[in-house]
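Since every read-out is calculated from the coordinates, none of them should be taken as a lab result. Because the structure is predicted, anything quoted here is derived from the model rather than measured. Neighbour counts run over all protein chains shown; Cβ positions are idealised from the backbone, glycine included.
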Amino acid sequence: MRSITGELQVARPGALDVRSILSRAGREVWLHFPAWLFFFYGCLLLNTELTNLDPPRGELAYTAIFPLSVFALYYAVRAARAPEVARRSALLTATLGLCLVLPLLNLAYHRPSPLSLASLRLVYELSTFAWAALLVAHAARRHPSHIGLFFGVALVYGAMLENGGIVLGFFSEHQLDATRLPLLKAPLATMVGWCVVLYMASFVVWGLRRHLPWLRRSALLSALAVGAAATLLDLQLDPLASAAGCWVWHDSLPPAFHGVPMVNFVAWMCAITPFAYVMFRYQQRAGIPDGAQWTGRQLAFALLLVPATLGLAALAFIAAMGLAEGIDGPSWTLLNAFTDGVLAKLG
């Protein structure tokens, strides 16, 4: 009997069936779509750096390595450990080959097609909703409660993070106009972006935990892995988004990585890791397997934990920036200025 699995496979000699191969490939991509999104982001952002900016930003090309490495790690572990994979070497060769060949082809053959900065910002906002819609569809087919977890609970969490960063004065997003909402500082696109990233990174780490017992045993290590996966994506995304003016950093924050201040990447780790840690700890306590359904009551409790999670994230951020910059650094100066302004208004 022929084994039918989702992974990419090569037909036996003499039995090449292109339609069957494409069907399996499509099934594999859809079943693991959040992990594939790291691959898609890496390739699409690379092409944007090379073709859509004027002048092209070829010096950013190597940043594609960061999200592609997350995809490569996921498939290296899947090809080595997943019991349902029938042809391990074929799966590994196909996925790692894509990581290598497509970016190299893009580097070798690309044609400048510059877009205005306003057009790039519009593409960013609209593409965020396109990816979010695909992830919602993915969750609806697998475990519908993940829509509530990542596009309900995580949306509230991300909205507080994004608006909080603007209110504190670290950056502004005044040039993102397409999804501006009344009474809020941040556009809807950047708030939904947190949902997209948290779903992508959590899905990857759930997959790794399925095959790596040492990771599954530690909620802290698992949370750090989620934070690292998300930050690796941001190492490619933020230099490009900053160049397009999607967000503008406060003048006092010194650029550390292609125009992006260090505080941004520290903030990503300090924001995403606590969310993931609370999620993994609650999974352990409630007996929820990785990637399984959550009940409505469990989702409601997760929502109630958002303020505590934000507090944990704030403490981690303050401690990390204190160690990195000292108490007289630019981040602390902004926080002190915000505090002084609040106290002045209170009288």
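Here are a few things to note about the model shown:
- Of the residues VAL85, LEU107, THR63, the one whose Cα sits farthest towards the positive end of the charge dipole of the range 1-114 is VAL85 (charges of +1 on Lys and Arg Cβ, -1 on Asp and Glu Cβ, taken about the Cα centre).
- Its alpha carbons give the chain an Rg and a Dmax of 21.1, 83 Å.
- Highest-MSF residue in the chain out of VAL101, VAL197, VAL77 [GNM, Cα springs under 10 Å]: VAL101
- Fully extending the segment from ALA137 to LEU303, taken as 0.36 nm per residue of separation minus the present Cα-Cα distance, adds 57.6 nm.
- Of GLU84, GLU162, GLU173, the residue with the greatest mean-square motion in the GNM of the chain, using alpha carbon springs below 10 Å, is GLU84.
- Taking 0.36 nm per residue of sequence separation and removing the Cα-Cα distance, the SER116/ARG217 pair yields an extension gain of 31.5 nm.
- Long hydrophobic helices in the chain: the complete DSSP H runs spanning 15 Å or more by Cα along their own axis with mean Kyte-Doolittle hydropathy of at least 0.5 are 33-51, 65-81, 88-108, 117-142, 154-167, 188-211, 219-243, 262-286, 306-325.
- Relative contact order computed over the chain (Cα-Cα under 8 Å; 6+ residues apart), in percent: 18
- Alpha carbon convex hull of the range 52-205, projected area averaged over orientations, nm²: 11.5
- Whole-Å semi-axes of the ellipsoid equivalent to the range 176-335 (Cα gyration tensor, √5λ, descending): 29, 19, 16
- Assigned charges on the beta-carbon of Lys, Arg, Asp, Glu; the chain dipole about Cα centre (debye): 1700
- Gyration tensor (alpha-carbon) shape descriptor, the range 144-250, a/c threshold 1.5: prolate
- The range 48-68-the range 249-311 distance, computed between alpha-carbon centres (Å): 28
- Its relative contact order, with pairs defined as Cα atoms under 8 Å and 6+ residues apart, puts the range 150-298 at 25 percent.
- Calculated SAXS-style log₁₀ I(q)/I(0) at q = 0.13, 0.14, 0.24, 0.28 Å⁻¹ - the range 258-326, Debye, Cα scatterers: -0.47, -0.52, -1.00, -1.21
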